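Written below as structure tokens is the structure these notes are about.
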Amino acid sequence: MVLAGGQGRRMGSVDKGLVLLHGRPMVRHVLDRFAPQVDDVLINANQHLDQYAALGFPVIPDAIGDFAGPLAGLHVGLTHAAQPLVATVPCDSPFLPADLVERLLGALQAMGAELAVARTFDQPHPVFALVRRSVLPHLTRYLEGGGRKIDAWYATLKTTEVAFDDEADAFRNINTIDELKQLDIGAEQ
């Protein structure tokens, strides 16, 4: 599940996934790295659905209104997924590791966890996760109770953090126009 359902407030309220990076939508960079790692791809988006659908994957908006955050995206992913596990990545991290899902899966299985989350040094990256579909009823109750904080929900599950210290730059996300310009300038040099 590629999470592209936010409002992009830090980038001037633009749809970050569709912002061009090196001449292509940022979400295209994410898809190029993510799709080879999974059996199926879903995109969670709440605006510009036709533009996301043109990328060739099913697009599913949040079932909860008002841009409820990444847990709302995970919720629709778990609801619509055909597989027993759902991996999530954000649309604004075009450098995600090529071995992300493999490493998350190894830790999830080894620890018997319900959820595996990427971490670099002491910083967890909660939207880079692998989640068992069996947690859907638990997540539904959490969201129906007004819960929105991803780390608070994760704390209620058997979770394992997976160290990616060797690939820390891969988790860099693009939140502002200045960050985007820095990347484009770097590509020109």
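The values are calculated or read from the model by the stated rules, or taken from the named source; none is laboratory data. Keep in mind that this is a model prediction, so the values were computed, not measured. Counting neighbours? That spans all protein chains shown, and the Cβs are built from the backbone with ideal geometry, glycine included. Side chains included, ligands, DNA and RNA excluded: accessible areas come from the protein's heavy atoms. Shrake-Rupley method; radii C 1.70, N 1.55, O 1.52, S 1.80 Å.
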Counting only the heavy atoms of the protein chains, how much of Tyr142 is accessible to a 1.4 Å probe, in Å² to the nearest 10?
-> 50 Å²
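Leaving ligands, DNA and RNA out of it, report the carbon-plus-sulfur percent of the accessible area of the chain at a 1.4 Å probe.
52 percent
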1.4 Å probe accessible area per residue over the stretch 33-189, in Å² | 49 Å²
Kirkwood Rh for the stretch 35-141 from C-alpha pairs, in Å, is 14.5 Å
Highest-MSF residue in the chain out of Arg172, Arg33, Arg103 [GNM, Cα springs under 10 Å] | Arg172
Mind putting a number on the dipole of the stretch 56-145 about its Cα centre? Charges go on the C-beta only, +1 for Lys and Arg and -1 for Asp and Glu, and I need it in Debye to the nearest 20.
-> 240 debye
When the dipole is taken about the Cα centre of the chain, and only Lys, Arg (+1) and Asp, Glu (-1) are charged at their Cβ, what size is it in debye, to the nearest 20?
-> 460 debye
Dividing the mean separation of Cα pairs under 8 Å (6+ apart) by the residue count of the chain yields a relative contact order in percent of 24 percent
Considering the dipole of the chain built from charges on the beta carbon (Lys and Arg +1, Asp and Glu -1) around the Cα centre, which of Pro84, Val101, Leu18 is farthest to its positive end?
-> Pro84
In the chain, if every C-alpha pair distance is counted and binned at 10 Å from zero, what percent goes to each bin?
-> 9, 39, 38, 13, 1, 0
Where is the GNM fluctuation largest for the chain (alpha-carbon springs, 10 angstrom cutoff): Thr88, Thr160, Thr140?
-> Thr140
Comparing Ala168, Ala98, Ala152 in a Gaussian network model of the chain (Cα, 10 Å), the one with the largest mean-square fluctuation is Ala152
